[in-house]
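Read the structure below first, then the notes.
The values are calculated or read from the model by the stated rules, or taken from the named source; none is laboratory data. Given the structure is predicted, the values throughout are model-derived calculations rather than measurements. Neighbour counts run over all protein chains shown; Cβ positions are idealised from the backbone, glycine included. In case anyone asks, the SASA skips ligands and DNA or RNA and just uses the protein heavy atoms, side chains included. Shrake-Rupley method; radii C 1.70, N 1.55, O 1.52, S 1.80 Å.
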Amino acid sequence: VIDGQISSIIFSLIAVFFIILIAYKTFMGGVISIIPLSLTILSNFAVMGFFNIALDASTALVASIAIGIGVDYTIHYINTFRAEAKNTSDLEKITEHTTSHSGRAILINAIVVGAGFLVLLFSNFNSVMYMGILVAVTMFVAGISSITIIPALINIIKPKSLINPKNLDLDSEIKINGQ
């Protein structure tokens, strides 16, 4: 289970990176997208370790669910960010507008779906109960990290193809802050 889990997570993160790279033509966007996903997965395993939840067939599914959920939130945020960047070049306004609009939708989705999975707390089967807890935690962490980590990284790294979607020069993104 552990070997399969590790290879599945690595493959999924690489797949997400390439999906973002191809969809948005941005190397740094791909890098930025896998960071909150990685933190979400790490938080999942931290909760499992803290509460002594064993890695079994049902809890192993949660990391895959986390990636699926997290990539949705990531794409939602990045897509709105790029759309807003077409209207202005003011990075602060772009970030504020994107976070207030997409961030609200992402948080509402995370809370509603996470609360729905918390219903599994009432299951008589421990593995189902643990899965409900872990998916709920994953939803909350993925939602919060997508609206905090992604904008922070964009504002620090300033990838040109996200800030100025008309500029799709991948080589120019590798330099942080134009240096």
The simple spin-label model distance between PHE18 and SER127, using points 7 Å out along Cα→Cβ, in nm, is 3.1 nm
The ³J(HN,Hα) series, computed from each phi in the range 104-121 with the Karplus coefficients 6.51, -1.76 and 1.60 at θ = phi - 60°, rounded to the nearest Hz and given as x for glycine or proline, is 5, 5, 5, 5, 4, 4, 4, 5, 5, 5, x, 5, x, 6, 5, 4, 5, 4
Average projection area in nm² (convex hull over Cα atoms of the range 65-125, one quarter of hull surface):
4.6 nm²
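Would you mind calculating the relative contact order of the chain from Cα pairs under 8 angstrom and at least 6 residues apart, reporting the percent as a whole number?
29 percent
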Largest-first principal axis extents, alpha carbons of the range 101-162, Å
51, 20, 14
Quick calc: nm separation of the 7 Å Cα→Cβ label points for ILE6 and ASN52 -> 2.5 nm
Which values, in whole Å and largest first, are the semi-axes of the equivalent ellipsoid of the range 1-116 obtained as the square root of 5 times each eigenvalue of the Cα gyration tensor?
29, 17, 10
Under the Karplus relation with 6.51, -1.76 and 1.60 and θ = phi - 60°, whole-Hz ³J(HN,Hα) for the range 30-47, x at Gly and Pro, equal x, 5, 4, 5, 8, 5, x, 5, 4, 5, 5, 5, 4, 5, 4, 5, 5, 5
Of ILE106, PHE125, ILE6, which is farthest towards the positive pole of the chain's charge dipole, taken about the Cα centre with +1 and -1 on the beta-carbons of Lys, Arg and Asp, Glu respectively?
ILE106
Would you work out the charge dipole size for the range 28-150 about its Cα centre, treating the Cβ of every Lys and Arg as +1 and the Cβ of every Asp and Glu as -1, and quote it to the nearest 20 debye?
80 debye
Longest principal axis of the chain (C-alpha) makes with the long axis of helix 2-24 (C-alpha) an angle, in degrees to the nearest 10, of 30 degrees
Orientation-averaged projected area, Cα convex hull of the range 28-179 (nm²):
9.3 nm²
Suppose all protein chains stay in the model; what accessible area per residue would a 1.4 Å probe give for the chain, in Å²?
51 Å²
If N is the number of residues in the range 1-43, what value comes out of its Cα radius of gyration divided by 2.2 N^0.38 Å?
1.21
The chain - mean residue ellipticity at 222 nm from DSSP helices (-39,500 (n - 2.57) per run, n ≥ 4, rounded to 500)
-28000 deg cm²/dmol
Where does helix 57-85 land angle-wise versus the long Cα axis of the chain, in degrees 0 to 90, nearest 10?
20 degrees
On the accessible surface of the range 1-56, probed at 1.4 Å, how many percent belong to carbon and sulfur atoms?
79 percent
